[in-house]
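What follows is one structure encoded as structure tokens, with my remarks underneath.
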Amino acid sequence: MTCQPRKSFPNICTEEKRALKELKNNADIIIKPADKGGAVVVLNTTDYIVECTGQLSNTAYYRSLNFDPTKKYNKRISDRLELGVNSGVIDSETAKRLIVPHPVPGRFYILPKIHKEGNPGRPIISGNICPTEIISLFVDYHLKDLGSFICSGKSHNINAVGPLPPDTILCTMDVSVLYTNIPHGEGIGACKSDVEKWRDPNSTPSSIFLCDLIEIILTCNYFLFTDDMWL
């Protein structure tokens, strides 16, 4: 008995399909989802590039590179994994699976914040097939359960504060470029502190090994925008 493949039928008409193709191939516009709300945003390409380059020009967060560090960073990862194998932290098969075979730089783009004045962009780096992609997933898998010990979300924070006096005045604050503003050194230090505090010291792989990978992930976070390399 053989199964015949199901026939597929388009859910848009020919004119709509042609219009979508024209929009996709139009170099004068950029189509992105909004940062919040699920809207689809059509931007002028020039304005999009101006916003991106404006963010990347902030030397407090980014610096331009005149070379491609892919091989350098991939070797750094390989060397640390080899050290992990030699010390018995991971086996050789796991080490092989944590290496991206043919890595490429990350790609920088922004999602427009249409709910804010001026529609600034939220910076995103797509790390698909970049050197740190698989070790990032590896670290996340082994540390994800620690999230239950850390305050996260509005209700959790309110419960952590406890009952408030009747005359308490509540206010809110908006942190600009929240994740970008976290210094790497302090972020790595916070990770190490929580891992040492909440993770079973007998867990495998070791917490020291995972924290070393976190440092590599954060310090090797390079990317391309247009034809320029950034870190």
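The numbers here are math on the coordinates, done by the rules we state, and not lab data. These numbers come from a predicted model, not from an experiment. Here Cβ is always computed from backbone atoms with ideal geometry, including for glycine, and neighbour counts include all displayed protein chains.
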(request) For region 15-52 and region 68-128, compute the distance between their C-alpha centroids and round to whole Å. (result) 27
(request) Using a cut-off of under 17 Å, list every residue of region 193-231 whose amide N is near the label point 7 Å from the Cα of N66 along the Cα-to-beta-carbon line. (result) 228-231
(request) Show the residues, 5+ positions off or on another chain, whose built amide H is closer than 5 Å to the amide H of G121. (result) K113
(request) Please name whichever of G162, I110, L65 sits farthest to the positive end of the charge dipole of the chain, dipole taken about the Cα centre and charges placed at Cβ: Lys and Arg +1, Asp and Glu -1. (result) I110
(message) So for region 53-146, considering every pair of alpha-carbon atoms, how many percent are separated by more than 15 Å?
(response) 71
(message) Between K197 and V50, what is the label-point separation in nm under the 7 Å Cα-to-beta-carbon projection?
(response) 4.5
(message) With a cut-off of 8 Å between alpha carbons and a minimum separation of six or more residues, what is the relative contact order of region 1-123 in percent?
(response) 24
(request) Please work out, to two decimal places, the log10 of the ratio I(q)/I(0) at q = 0.15, 0.16, 0.29 Å⁻¹ from a Debye calculation in which every Cα of region 82-133 carries one identical scatterer. (result) -0.60, -0.63, -0.99
(request) Could you size up the charge dipole of the chain around its Cα centre, putting +1 on the beta carbon of Lys and Arg and -1 on that of Asp and Glu, and report it in debye to the nearest 20? (result) 640
(message) Just the number: Rg to Rh for region 162-211, Cα atoms, Kirkwood Rh, two decimals.
(response) 1.22
(request) Starting from the exponent 0.38 and prefactor 2.2 Å, build the expected Rg for the chain from its residue count and divide its actual Cα Rg by it. (result) 1.30
(request) For region 25-71, just the Cα set please: Rg and Dmax, both in angstrom. (result) 14.4, 39
(request) Could you check how many percent of all C-alpha pairs in region 22-107 are farther apart than 20 Å? (result) 62
